[in-house]
Amino acid sequence: MPRKNDSSSTVSVVHPICCGLDVHKDTISACLIWSDTKGREQFKVAEFQTFTDDLIKLKNWLLEHQCPVVAMESTGHYWTPIHNILEHFFTILLVNPRHMKNVPGRKTDISDSRWIAGLLRHGLLKGGFIPPECQRQWRDLTRTRKSYVKSAGDFKRRIHKLLQSANLKIDSVISDLFGATGRNLLKLLVTSTSTPTRVEVEACLDKSVKDKASEFYRSMEGFFSNHHRILLRLLLETVERLEHQIDLLDERIREVMAEHESVIEKLDAMPGINAISAHAILSEIGTSLEAFPNPAALAAWAGLCPGNNQSAGKRHSGRSRVRKNHLKEIMIEVAWPAIKKRHSYYRAKYYALKSRLGWKKAIVAVAHRILTAVYHVVKYGVSFKDLGEAYLLNLNRKSKLRYLRKQASLLGFELTPLTCTNNSASAPILIQS
């Protein structure tokens, strides 16, 4: 039997002085916890507004009480103003609300902040990944560029719809409506006050499609009125403005990430990755990868690996808890062109998994493997080397040959090795017995 003075608790105090913040758009509830001279737990609660002068008061309040570590729970991006003020003075943990839900029935801002501080005091909270300031700027640029690209695509689809409503079938003749020929024809529709003539249409065509002049002229015949002309002018101006802004963002991204050009070139050499996607990947994971001890941690953070859900010896749904992640979207977009490269490992791995798991799980698995390679390239500065499609065939070679011999014998054939003329390799052949 333990003595009365002996403590049977397995939870110890990790942070003697700490603070928990419950962050909202306009207010912050703060709870500071410390131990007095007799070792008893003391706490102090205060509320602050989110204006900059009040955030400075919060910083001074924490400095007066010599608080070294702060944990905060926030909705959306309301934590960023607080982080801007406290970043260089305290250790900050941005915690996931799912990891520290309060006791039901006692849900107030003050009780939430005290609950956060209590968990932090005993080391029961794990902070999320907050990248350094330069990387946060990279993220702003690359994510803004992505939103502009999506917006430009939306307006291009509106132009397609407008042409269909006017009985114009230009996109049925040319594959890219916004190539050189397509843009010339669209500008002709905007500037012309009547139905374009055949000579005007032929003047807009590129040399590669001159032989389709009659088809283009037929596609320009429709019911294009002044109403359609005004809408097309507005849509084209919007698309051109967005494309110009995308070019400016590309220039700025290259400028701020110029010092990491060697890493970007190594990533660009990987299948499916170009300079644009390399910039986006580095903006999400950084160049040091200090927050991720191994590739598995990075894949779990990105949501590219199954979740753990096992109870009573039974394994339940392994769906990842990470539903939306910018890096996950980037890696899956990268995986699609990677599997189209012939004689590559990723192509062979995709089709090996697709037949067994389906295309959705197969493409996520390929994205996981690409991210693992990216981790080693960025972390250790190595160059990418494709294993090739023969890598999977050479795995468990003996067991595969044993299986083939058994299947051949069942079909009435005998499997024997075939020696090539150059004596450099051998392959099995089937001989009917």
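The values are calculated or read from the model by the stated rules, or taken from the named source; none is laboratory data. Just so it is clear, the model here is predicted, and its values are computed rather than measured. FYI the Cβ positions are ideal-geometry reconstructions off the backbone, even for glycines, and counts take in every protein chain you see.
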Item to check | Output for segment 293-305, where each listed residue is surrounded by 18 or more Cβ atoms within 10 Å (Cβ to Cβ) and farther than 24 Å from R347 by Cα | outcome: W301
Checklist entry - Looking at segment 118-145, which of its residues are basic (K, R) and touching a helix residue (DSSP H, G or I) at 6+ places or on another chain (Cβ under 7 Å)? => result K126, R139, R143, R145
Next on the checklist: One residue is enough: does segment 130-151 have a residue meeting the conditions over 25 Å from A213 (Cα atoms), in contact with a strand residue (DSSP E or B) (Cβ under 9 Å, 6 or more places away or on another chain) and either exposed (fewer than 13 other Cβ atoms within 10 Å of the Cβ) or among the β-branched types (V, I, T) (or both)?
Outcome noted: yes
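If the requirement is being acidic (D, E) and crowded, with 18+ Cβ neighbours inside 10 Å, which of these qualifies: E284, E290, E265?
E284
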Next on the checklist: With the requirement that a residue be among the small types (G, A, S), assigned by TED's automatic domain parsing to the domain that holds K328 and farther than 23 Å from I330 by Cα, what does segment 353-398 give you?
Outcome noted: S355
Checklist entry - Which residue, of D54, D112, is outside any loop (DSSP other than H, G, I, E, B) and under 16 Å from L125 (Cα atoms)? => result D112
Item to check | Answer from I253, I273 - the residue that is closer than 30 Å to H160 by Cβ, in contact with a His (Cβ under 9 Å, 6 or more places away or on another chain) and surrounded by 15 or more Cβ atoms within 10 Å (Cβ to Cβ) | outcome: I253
Checklist entry - Out of all the residues in segment 66-81, which are more than 19 Å from H99 (Cβ to Cβ) and surrounded by 13 or more Cβ atoms within 10 Å (Cβ to Cβ)? => result C67, P68, T80, P81
Item to check | Subset of segment 152-169 (residues that are outside any helix (DSSP H, G or I) and either at positive phi or surrounded by fewer than 12 Cβ atoms within 10 Å (Cβ to Cβ) (or both)) | outcome: N167
